[in-house]
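K.L.:
One structure, pasted below without further comment.
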Amino acid sequence: MSATLLKTLEENLSNSTIISNDKAVLNIYLQGTEGLEKLNGKNRELIAVVKVAEANDIKLLLDLANKLATNPKEKFTLYPISTGNNWGYGTSQPASLEKNIILVDLSALTTISEFDHTLGLVTLEPGVTQQQLSDYLLQHNYDYMVPVTGAGPNCSILANALERGYGITPYTDHFGAVISIHGYWADGTPFQSAICELDKSTDKFVDKTFKWGLGPYLDGLFTQSNFAIATQMTIRLAKLKPEFTSFFIQIEDDALLEKVIPLIRQTLQDYEGIVGSINLLDQRRILSMFAKNPHASKQYNLTSNEVNMLAKQQNAPCWTVIGSIYGSKGVVKVVQKEVDTIFKQIPCKRIFSNSLLITLPKKIINLIPRWLIKRVNLLSMAAEQLDSFDKGKEIMLGKPNTVALKLAYWRHNNAASFDKSSLSPSEDSCGLLWYAPLITMKASHMREFVCFVRDVCPKYSIEPFITFTNLRHDCVDSTVPIVFDSSNPQAVKDAHACLKELVTIGLTKGFVPYRLNIDQQQWLLDEKTDFWQTVNKLKKALDPNDILSVGRYNPR
Ligand SMILES: Cc1cc2nc3c(=O)[nH]c(=O)nc-3n(C[C@H](O)[C@H](O)[C@H](O)COP(=O)(O)OP(=O)(O)OC[C@H]3O[C@@H](n4cnc5c(N)ncnc54)[C@H](O)[C@@H]3O)c2cc1C
């Protein structure tokens, strides 16, 4: 960055905002789990990072970028991130390979400006993390759930919604729960809804209660796009119910997949609003959460013998259905019985988190001294399983934790050395990409998908881990993590080739990703189609100088 530009930024931005062009600092933001920097010719660059301390600086930055856009020497573009933990999709890296990008880090904007505890509506800034919201709710004794994800405590609530991410609490679809957004379009024009503009009251609160506003719905333009920077969001939180139980349906026979899918659909249709989203995980995916990889960073998949042995040790069946029931004591009791009856139709083990099978061993383990548990292998395995089980339950109750992050360390040669409570896959040099296609909620399609993933992944020495998440009874997204050893250049290449084959061949079968990583955003989307031509018209109108998040969901 030129000395003049640095000086201009320093003169314009507030004193507490930090501007850095130190290579070591920039490199931290350029380190992702995706291994992009190790693929030939794919080096992303930054000229500076601006860590914004005051929301007003966002408007100042946009104005400055627009003003200097016609000056070829000083022209720069902006790439905003909230907490920059978009692991597997780009982490904190900019989407494009341009050379004049200033990364705008909004993680220091952590104000929760309002919480209406009777309505459960929270208004927060981009840097507010799952943990911060959880602490806030606990501190004030508000019985609401954080919209948690597997990405854990240090991720932004607002940015996850902008990515249209999802979790497993009752409000699964995170953008679905966003009621109101404030921000700036790329040309610096402020944005609030038409309801907010019309409202002459002092608190303008009614805007925070109605998602769709008035007139064209523009809030959606903030998501998976590069038109605007969001500075504030109001989100509807799910209320904690008096009673809760999670269920684990264990199916030993792979061939029963076709039989269990209609039962999941029935459960979701019959108990909408009481049963949260349902996950269906295959055996290897369960092992990735509980077992130690015997090959660590080596480029070998588990053999079927190893899978069988680990599955026996970890009590991991071919398929596991995980769901949760929320409600009053009476409702949960009845629905638990109904769920049990539904799944009884197929041979399976049905475990409920409030059953003696779970609560009793937990009580016993708690009575055993820690040192003894550590010495006796079987005990320590049981203790670890119960602990992970508890952590999974916490997530369903909207309490963030790092239990799901272990997955990213599957191919890490030093996986055991990291402190479980403070995992950060990018800082810890994990290799991870996501393949996250939507699949029609029909047994034949889901089986076709399973065969497809199990066929493609091993060709590239990638373990075929499969999760299906039912966002609703009629909509399934699968998340297949492509976990690789990021220190091995061949493994990085294989991982990307595997993802490319999954995506390109998957498209011919109707498996279409709901979200893309920053590299895919460059090669998969076709600027010539009607959809992206329209997006480009919008881009020109809202960002005439092309200064915002160049390349993010925007082919040209
Ligand atoms: C093991 C594991 C499990 C995961 N589980 C889940 C899961 O259950 N659900 C899920 O959705 N994801 C999951 N992820 C993926 C990802 O880590 C999360 O989605 C995470 O929340 C995204 O990172 P972030 O919140 O820090 O967003 P950021 O990285 O801050 O933002 C993401 C992108 O949004 C844009 N953006 C951010 N802030 C703004 C703003 N204020 N204005 C305009 N644009 C902005 C930027 O382009 C940015 O690159 C998982 C990842 C791992 C490794």
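The values are calculated or read from the model by the stated rules, or taken from the named source; none is laboratory data. Bear in mind the structure is a predicted one, so any value in this text is a computation, not a measurement. Using ideal geometry, Cβ is built from the backbone for each residue, glycine included, and neighbour counts are taken over all protein chains shown. Note: accessible area is taken over every heavy atom of the protein model, side chains too, but ligands, DNA and RNA are not part of it. Shrake-Rupley method; radii C 1.70, N 1.55, O 1.52, S 1.80 Å.
K.L.:
Of everything in segment 87-121, what is within 16 Å of the ligand (Cβ to nearest atom), in a strand (DSSP E or B) and open to solvent by less than 40 Å² (accessible area, probe 1.4 Å)? Give them in sequence order. Walk me through it before giving the result.
P.N.:
As a first pass, look at segment 87-121 and keep what is within 16 Å of the ligand (Cβ to nearest atom): 87-98, 101-113.
Pick out the ones that are also in a strand (DSSP E or B) and you get 91, 101-105, 112-113.
THR91, ILE101, ILE102, LEU103, VAL104, ASP105, ILE112, listed by residue number.
K.L.:
Can you pull out every residue in segment 408-445 that is in a helix (DSSP H, G or I) and either out of contact with any strand residue (DSSP E or B) (no Cβ under 6 Å at 6 or more places or on another chain) or not assigned by TED's automatic domain parsing to the domain that holds LEU281 (or both)?
P.N.:
Matches in segment 408-445: TYR409, ALA415, ALA416, SER417, LYS420, SER421, SER422, ALA443, SER444.
K.L.:
Quick check: anything in segment 208-218 farther than 30 Å from SER549 by Cα, open to solvent by 20 Å² or more (accessible area, probe 1.4 Å), touching a helix residue (DSSP H, G or I) at 6+ places or on another chain (Cβ under 8 Å) and more than 16 Å from the ligand (Cβ to nearest atom)?
P.N.:
no
K.L.:
Right, here's the next one. Which residues, taken from segment 166-195, are closer than 24 Å to ASP543 by Cβ and either within 9 Å of the ligand (Cβ to nearest atom) or touching a strand residue (DSSP E or B) at 6+ places or on another chain (Cβ under 8 Å) (or both)?
P.N.:
Step one: of segment 166-195, the residues closer than 24 Å to ASP543 by Cβ are 175, 178, 180-194.
Hits for segment 166-195 are VAL178, SER180, ILE181, HIS182, GLY183, TYR184, TRP185, ALA186, PRO190, PHE191, GLN192, SER193.
K.L.:
Return only the number of the condition from (1) in contact with a helix residue (DSSP H, G or I) (Cβ under 9 Å, 6 or more places away or on another chain); (2) closer than 14 Å to GLU34 by Cβ; (3) assigned by TED's automatic domain parsing to the domain that holds GLU272; (4) buried (at least 19 other Cβ atoms within 10 Å of the Cβ) that LYS500 does not satisfy.
P.N.:
So the condition that LYS500 fails would be (4).
K.L.:
Now a separate question. Do we find that VAL146 is touching a residue at least 12 places away in the same chain (Cβ under 8 Å), open to solvent by less than 30 Å² (accessible area, probe 1.4 Å) and more than 22 Å from SER324 (Cα to Cα) in this structure? Write out each step before concluding.
P.N.:
Working: touching a residue at least 12 places away in the same chain (Cβ under 8 Å): yes; open to solvent by less than 30 Å² (accessible area, probe 1.4 Å): yes; more than 22 Å from SER324 (Cα to Cα): no.
Criteria not met by VAL146.
K.L.:
Moving to a separate point now. Which pairs turn up if I take residues in segment 149-163 that are under 13 Å from THR110 (Cα atoms) and look for partners that are in a helix (DSSP H, G or I) and more than 6 Å from the ligand (Cβ to nearest atom) with beta carbon separation below 7 Å, at least 6 apart in sequence or on another chain?
P.N.:
Between residues of segment 149-163 that are under 13 Å from THR110 (Cα atoms) and residues that are in a helix (DSSP H, G or I) and more than 6 Å from the ligand (Cβ to nearest atom), the close pairs are ASN154/GLN131; CYS155/GLN130; ILE157/GLN130; ILE157/LEU133.
K.L.:
Under the condition of being away from the ligand (no atom under 11 Å from the Cβ) and more than 14 Å from the chain's Cα centre (by Cα), which residue from segment 391-407 is most open to solvent (accessible area, probe 1.4 Å)?
P.N.:
Taking segment 391-407 and keeping what is away from the ligand (no atom under 11 Å from the Cβ), we get 391-394, 396-399, 401.
From what's left, more than 14 Å from the chain's Cα centre (by Cα): 391-394, 396-399.
Details: LYS391: 63, GLY392: 25, LYS393: 56, GLU394: 64, MET396: 9, LEU397: 38, GLY398: 5, LYS399: 97 Å².
Ranking the candidates gives LYS399 first.
K.L.:
Run down ALA69, ALA53 and say which single residue is open to solvent by 20 Å² or more (accessible area, probe 1.4 Å), at pLDDT 95 or above and not in a strand (DSSP E or B). Don't jump to the end; show me each part of the working.
P.N.:
Values: ALA69 fails: open to solvent by 20 Å² or more (accessible area, probe 1.4 Å).
ALA53 is the lone residue from the list that is open to solvent by 20 Å² or more (accessible area, probe 1.4 Å), at pLDDT 95 or above and not in a strand (DSSP E or B).
K.L.:
Does SER421 fit the bill of being among the polar types (S, T, N, Q), within 16 Å of the ligand (Cβ to nearest atom) and under 27 Å from PHE248 (Cα atoms)?
P.N.:
For SER421, the condition - among the polar types (S, T, N, Q), within 16 Å of the ligand (Cβ to nearest atom) and under 27 Å from PHE248 (Cα atoms) - is met.
K.L.:
Another question, then. Of the numbered conditions (1) modelled with pLDDT under 95; (2) away from the ligand (no atom under 14 Å from the Cβ), LEU36 satisfies every one except a single condition; which is it?
P.N.:
Going through the list (1) modelled with pLDDT under 95; (2) away from the ligand (no atom under 14 Å from the Cβ), LEU36 breaks only (2).
K.L.:
Is there any pair with a first residue in segment 208-230 that is on the phi > 0 side of the Ramachandran plot and a second that is within 13 Å of the ligand (Cβ to nearest atom) and assigned to a helix (DSSP H, G or I) whose Cβ atoms are under 8 Å apart and which are 6 or more apart or on different chains, and what are they?
P.N.:
What qualifies is GLY213/ASP219; GLN224/LEU162.
K.L.:
Of (1) at pLDDT 95 or above; (2) part of a loop (DSSP other than H, G, I, E, B); (3) within 20 Å of the chain's Cα centre (by Cα), GLN131 satisfies all except one. Which?
P.N.:
Every condition holds for GLN131 apart from (2).
K.L.:
Given the conditions (1) more than 15 Å from the ligand (Cβ to nearest atom); (2) in contact (Cβ under 8 Å) with a residue 60 or more places away in the chain; (3) in a helix (DSSP H, G or I), which single one is not true for PRO464?
P.N.:
The single condition PRO464 does not satisfy is (3).
K.L.:
Scan segment 470-493 residue by residue and report those that are in contact (Cβ under 8 Å) with a residue 60 or more places away in the chain, buried (at least 20 other Cβ atoms within 10 Å of the Cβ) and out of contact with any Gly (no Cβ under 9 Å at 6 or more places or on another chain).
P.N.:
None - no residue of segment 470-493 is in contact (Cβ under 8 Å) with a residue 60 or more places away in the chain, buried (at least 20 other Cβ atoms within 10 Å of the Cβ) and out of contact with any Gly (no Cβ under 9 Å at 6 or more places or on another chain), so the list stays empty.
K.L.:
Among the strands (runs of 3 or more DSSP E) confined wholly to segment 160-269, which include 2 or more residues that are touching a Ser or Thr at 6+ places or on another chain (Cβ under 8 Å) and under 25 Å from LYS393 (Cβ atoms)?
P.N.:
Numbers: elements: 178-185, 228-236, 243-251.
Correct list: 243-251.
K.L.:
Please work out if LEU138 is within 25 Å of LEU397 (Cβ to Cβ) and part of a helix (DSSP H, G or I).
P.N.:
Working: within 25 Å of LEU397 (Cβ to Cβ): yes; part of a helix (DSSP H, G or I): yes.
So LEU138 passes the test.
K.L.:
Residues being of a type outside the set (Gly, Ala, Ser), part of a loop (DSSP other than H, G, I, E, B) and under 24 Å from the mean Cα position of the chain (by Cα): count how many of those fall in segment 270-291.
P.N.:
Restricting attention to segment 270-291, the residues satisfying the condition of being of a type outside the set (Gly, Ala, Ser) are 270-272, 274-275, 278-287, 289-290.
Now restrict to residues that are part of a loop (DSSP other than H, G, I, E, B): 271, 274.
So of that shortlist, the ones also under 24 Å from the mean Cα position of the chain (by Cα) come out as 274.
The total comes to 1.
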